[in-house]
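Asker: Just passing along the structure, written as structure tokens.
The values are calculated or read from the model by the stated rules, or taken from the named source; none is laboratory data. Worth saying up front: this structure is predicted, and the values here are computed from it rather than measured. Positions of Cβ are generated from backbone atoms using ideal geometry, with glycine treated the same way; all protein chains shown enter the neighbour counts. Calculation scope for accessible area: heavy atoms of the full protein, side chains included, ligands and nucleic acids excluded. Shrake-Rupley method; radii C 1.70, N 1.55, O 1.52, S 1.80 Å.
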Amino acid sequence: MTALAKGLDVLEKALIGVAAFALTAMTGVILLQVFLRYVVNSPTSWSEEFATLCFVWCVMLVIPLGIRHQEHISMEFLVNRVAGARWRWAQILLNAVVGLTIVAIGAASFGLFASGARQMLPGISMSSGLEIPLIVMYISVPIGCFAAGLYALERIVLLARGKITKSTSPSAATPEEELI
């Protein structure tokens, strides 16, 4: 295993860890908000913004994992009909399109940073006294997009080297799935 592959594995573990933390925090805050609103009758002013912040981070950090493991939406009914070298070239093309698109989104997201740095998350800022800028949410976009681009590039290289074949691809349908 190369150093780059090990680095991508470490990145994957970090993405999973942070996304799991964000999902857990979001769920906990939503449960707290429901309890405080309907049992104690004293809702928080910050829980919705905090949950949204955690949700955005969670989504942006699991997109690269979907790309790495080919668990994203695709037109498998078309791709699975192609065999041999044509299948590999179709996969390379699909991963290139996905990778370029996601990197373009990440690059375009830098345009949000100036306005995000000037705006605060009002519910969190007012209740905690902390000045938390909106850029805290926006920074998740280029991070997730950069990681997704890396994983798309990794898949392209593995496909080109023949290390991923149709039979070892996680998107290849099993006989049971073909019946459904």
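Asker: Only Cα pairs under 8 Å and at least 6 apart count here; give the relative contact order of segment 1-137 as a rounded whole percent. Walk me through the numbers on the way to the answer.
Answerer: Numbers: 91 pairs, mean separation 31.2, N = 137.
Rounded, it is 23 percent for segment 1-137.
Asker: Let me ask another. Which distance in Å, rounded to a whole number, links the C-alpha centroids of segment 1-68 and segment 92-122?
Answerer: 19
Asker: Now, a different point. At a 10 angstrom cut-off on C-beta neighbours, averaged per residue, how do the peptides 53-61, 11-19 rank from highest to lowest? Numbers along the way, then the final one.
Answerer: Values: 53-61: 20.6, 11-19: 15.3.
Sorting 53-61, 11-19 by mean packing, highest first, produces 53-61, 11-19.
Asker: With every protein chain present, what is the per residue accessible area of the chain (1.4 Å probe, Å²)? Show your work: numbers first, answer last.
Answerer: Working: 11070 Å² over 180 residues.
Ligands and nucleic acids excluded, the figure is 61 Å² per residue.
Asker: With a 10 Å radius around each residue's Cβ, average the other Cβ atoms per peptide and rank 93-101, 138-146, highest first.
Answerer: 138-146, 93-101
Asker: Percent of accessible area on the chain owned by carbon and sulfur, 1.4 Å probe?
Answerer: Answer for the chain is 72 percent, counting heavy atoms of protein chains only.
Asker: MET120's amide H: which non-local residues (gap 5+, or another chain) put their own amide H closer than 5 Å, with H modeled 1.01 Å from N in plane and none for Pro or chain starts?
Answerer: LEU134
Asker: Once a ≥ b ≥ c are taken as the square roots of the eigenvalues of the Cα gyration tensor of the chain, is the result rounded (a/c under 1.5), prolate (a/b larger than b/c) or oblate (a/b not larger than b/c)?
Answerer: prolate
Asker: Summarise the long-distance tail of P(r) for segment 39-126 by giving the % of C-alpha pairs beyond 18 Å. Please list the in-between numbers first.
Answerer: Values: 2461 of 3828 pairs.
I get 64 percent for the Cα pairs in segment 39-126 exceeding 18 Å.
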